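My questions will all concern the structure given below.
Only the coordinates and a few stated rules stand behind these numbers; no lab work does. Treat the numbers as computed from the prediction; the structure is a model and nothing was measured. Here Cβ is always computed from backbone atoms with ideal geometry, including for glycine, and neighbour counts include all displayed protein chains.
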């Protein structure tokens, strides 16, 4: 299915610092993320893994993956959270899964959550994104979503 939109958040280290590989991996697992395809982390629909990820988390540094065999050497300024629409859930539900996970990861790593333009993610911006996604869901209500074609 063609991607209509990508919604992105960033979790970055404070004061130009870096996250260390082992800390990042422990925090990702505590936040309910699963390591998988493309060497990145994903949140999947419980019991329906075949539908694909609700959202994914990649390393901000190229090539974007996490090399688990070299965790001790991994240092990154942050990670990118992204969900592609259409998603296996309504857009607003996918956002409501992604945002608290990004906030939890930032809390566990003592980092910041930034929006797609890398500005601090405040309440007003969150409300705006929610409104956009709510509108998208409303526009797609009643349309059959077919995955895998």
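Helix 21-30 versus the longest principal axis of the chain: what angle, 0 to 90°, nearest 10, using Cα atoms?
Compared with the principal axis, the helix lies near 40 degrees.
What do you get for the angle between helix 123-140 and the principal long axis of the chain? Use alpha-carbon atoms, 0 to 90 degrees, nearest ten.
Computed tilt is about 40 degrees.
Provide the gained length on full extension for the span residue 29 to residue 50, in nm with one decimal, where the gain is 0.36 nm per separating residue minus the Cα-Cα distance.
This chain segment gains 5.5 nm when fully extended.
Mean projection of the alpha-carbon convex hull of the stretch 93-141 over all orientations, in nm²? All intermediate terms of the calculation are to be shown ahead of the outcome.
Values: hull surface 14.3 nm².
The orientation-averaged projected area of the Cα hull of the stretch 93-141 comes to 3.6 nm².
If you don't mind, there's one more thing I want to ask. Starting from the exponent 0.38 and prefactor 2.2 Å, build the expected Rg for the stretch 1-82 from its residue count and divide its actual Cα Rg by it. Working shown, then result.
On the way: Rg = 13.1 Å, N = 82, 2.2 N^0.38 = 11.7 Å.
Compactness ratio reported: 1.12.
Can you put 114, 61 in order, fewest other beta carbons within 10 Å first? It would help to have the intermediate numbers written out before the result.
Working: 114 20, 61 15.
With the sparsest Cβ surroundings first, the list reads 61, 114.
Relative to the first principal axis of the alpha-carbon coordinates of the chain, what is the inclination of helix 91-109, with its axis defined by its Cα atoms, in degrees from 0 to 90 and to the nearest 10?
So the helix axis and the longest Cα principal axis differ by about 10 degrees.
Grab the Cα-Cα distance for residue 37 and residue 141, subtract it from 0.36 nm times how many residues apart they are, and report the gain in nm with one decimal.
Values: separation 104, 0.36 × 104 = 37.44 nm, distance 2.98 nm.
34.5 nm is the gain from fully extending residue 37 to residue 141.
Taking the chain as a Gaussian network, Cα atoms linked when under 10 Å apart, which of 96, 23, 46 shows the biggest mean-square fluctuation?
Looking only at 96, 23, 46, the biggest GNM fluctuation is shown by 46.
Viscosity 1.002 mPa s, temperature 20 °C: give me the Stokes-Einstein translational D for the chain in µm²/s, with Rh taken as the Kirkwood radius over C-alpha pairs. The partial results should precede the final answer.
Values: Rh = 15.9 Å.
Translational D for this selection: 135 µm²/s.
Okay, next question. In nanometres, what is the gap between the two model label sites at residue 72 and residue 18, each 7 Å from Cα along Cα-to-Cβ?
1.5 nm
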